Amino acid sequence: MSELNIVKMMEKVNRTFISVTGHSISFMDSEGRSVLPFNLNIFSEFCKYVINSEKGGPKCMECNKMIGSDSEDLSPRISQCYMGLTIITIPIVISGKCNYSITCGQMLMAGEEEEFFQELRFKASELDLDRKKLISFGRRVKVVRERDINTIMMFLSLLAEYISITETQLEMAEQHTKQLEDMIKLEKNLRETQFRFLQAQISPHFLFNTLNLVTRVALKEKADKTADLIYSLSELLRRSYKTPHHSCTLSEEFHHIDSYLYIQRMRYSGLLTTEIFIEEEVENTMLPIFSLQPFVENAMIHGIEPLNRKGYIAVSAVRADDKVLIRIIDNGAGMQQEMVERILKGQIEPSRVQTSGMGIKNVKERLDLVFG
């Protein structure tokens, strides 16, 4: 794919994203430089104030260079800028290399407000900025929940995948771009509700219609694996809109895990083997929704991902006397019993960056509440 085509696609994605959400994304090269013309107007008042300052501007440039320097890391990641704001970085992989990244920032992760404003007092002094003005601008920064951060990452990953397609596929996809843009215009209420994208403001109706459209395009182009991948992601997103206080059957929970593991198998391309088994007599057992997901994600992130060999995860549910026995087994790095006990006691939480936001301790408390 030519660089000109890539830039054109980035411009189109950026225009559509801004028109629908009212928020911007940036495209960075491997050196941390903006691929598209720099536009200060897309930044928040907080970021403008820092960028325009004599000492703050260079700090922002250093931050961008650090994002570019991680170009060998092909996985989506979350980090913090020098000022403490959250940055989502999605690599755009073309021919096995990451020459570009999508970044989305200018937001604050929920729960970090107190630490953020404490640090601002020191940052103001360090950068010779007006403390009151900096804090005032900081209070206008959007606060985003962890679950919504994960949703944004998934959505931006789809955009990155779309940009990464071959030049031949791009020509075919451009015929459908107008259909996507027309559909966006027909969603008149999306602009009024700011697409429900940030701060749990993403429109399920629009998102699922868009994913269905992309699935149909993939099937038409005979990209069956891509269609299956998008379908699995749709199932995950659809379920994420259900409140954690809802209950579901064990069969539904296993279906959700199956969708998640399918995406991971595609991601690791033959380096991950999974098995799922549930006895028919326990399929209708009721339990709180998302009771098993954190354990499976924990097995992936802390057990399988650090491996330098093929990974294996098995999830099963069988009747054991008058109880249901659920096993989640992996061939990962393992964990000391002492660490397990500390996690269950809430003394250590798994990484909040990549998990569903519902820690193991949280699941234990909900299960105790339901089953005693």
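Taking the conditions (1) in a strand (DSSP E or B); (2) of a type in the set (K, R); (3) modelled with pLDDT under 90 in turn, R265 satisfies each one other than (1).
A count restricted to region 23-35 and to residues that are assigned to a loop (DSSP other than H, G, I, E, B) and loosely packed, with under 15 Cβ neighbours inside 10 Å stands at 2. Looking across region 298-333 at every residue that is of a type in the set (D, E) and modelled with pLDDT of 85 or more, the one that is nearest to the chain's Cα centre (by Cα) is identified as D330. Could you say whether any residue in region 359-369 is assigned to a loop (DSSP other than H, G, I, E, B) and either touching a strand residue (DSSP E or B) at 6+ places or on another chain (Cβ under 6 Å) or at pLDDT 80 or above (or both)? No - not one qualifying residue is present in region 359-369. Across region 62-77, the qualifying residues are those that are among the aliphatic types (A, V, I, L, M) and surrounded by fewer than 19 Cβ atoms within 10 Å (Cβ to Cβ), and the one among them that is modelled with the highest pLDDT is M66. Please determine whether any residue of region 285-292 is assigned by TED's automatic domain parsing to the domain that holds I257 and either part of a helix (DSSP H, G or I) or under 21 Å from P76 (Cα atoms) (or both). Checking region 285-292: not a single residue is assigned by TED's automatic domain parsing to the domain that holds I257 and either part of a helix (DSSP H, G or I) or under 21 Å from P76 (Cα atoms) (or both). A single member of C47, C104 is buried (at least 19 other Cβ atoms within 10 Å of the Cβ) and touching a helix residue (DSSP H, G or I) at 6+ places or on another chain (Cβ under 7 Å), and it is C104.
Of everything listed in (1) surrounded by fewer than 19 Cβ atoms within 10 Å (Cβ to Cβ); (2) under 17 Å from I25 (Cβ atoms), the single unmet condition for T86 is (1). E280 passes every criterion in (1) among the charged types (D, E, K, R); (2) more than 20 Å from the chain's Cα centre (by Cα); (3) surrounded by fewer than 20 Cβ atoms within 10 Å (Cβ to Cβ); (4) closer than 24 Å to S234 by Cβ apart from (4). Of the numbered conditions (1) at pLDDT below 85; (2) under 22 Å from H246 (Cβ atoms); (3) of a type in the set (F, W, Y), F295 fails exactly one; give the number of that condition. Evaluating F295 over (1) at pLDDT below 85; (2) under 22 Å from H246 (Cβ atoms); (3) of a type in the set (F, W, Y) leaves (1) as the failure. Across region 139-186, what is the number of residues that are at pLDDT 80 or above, more than 23 Å from the chain's Cα centre (by Cα) and crowded, with 16+ Cβ neighbours inside 10 Å? Matching residues across region 139-186 total 0. The criterion of at least 2 residues that are closer than 25 Å to E297 by Cβ is met by the following helices (runs of 4 or more DSSP H) wholly inside region 93-167: 146-163. Could you check, for region 40-61, whether at least one of its residues is at pLDDT below 90 and not in a helix (DSSP H, G or I)? Yes; the residues of region 40-61 include at least one that is at pLDDT below 90 and not in a helix (DSSP H, G or I).
Pairing residues of region 85-106 that are at positive phi with residues that are at pLDDT 90 or above, at Cβ distances under 8 Å and at least 6 apart in sequence or on separate chains, gives Q106/F46; Q106/C47; Q106/L85; Q106/V141.
The values are calculated or read from the model by the stated rules, or taken from the named source; none is laboratory data. Please read these numbers as outputs of a predicted model, since none were measured by experiment. Positions of Cβ are generated from backbone atoms using ideal geometry, with glycine treated the same way; all protein chains shown enter the neighbour counts.
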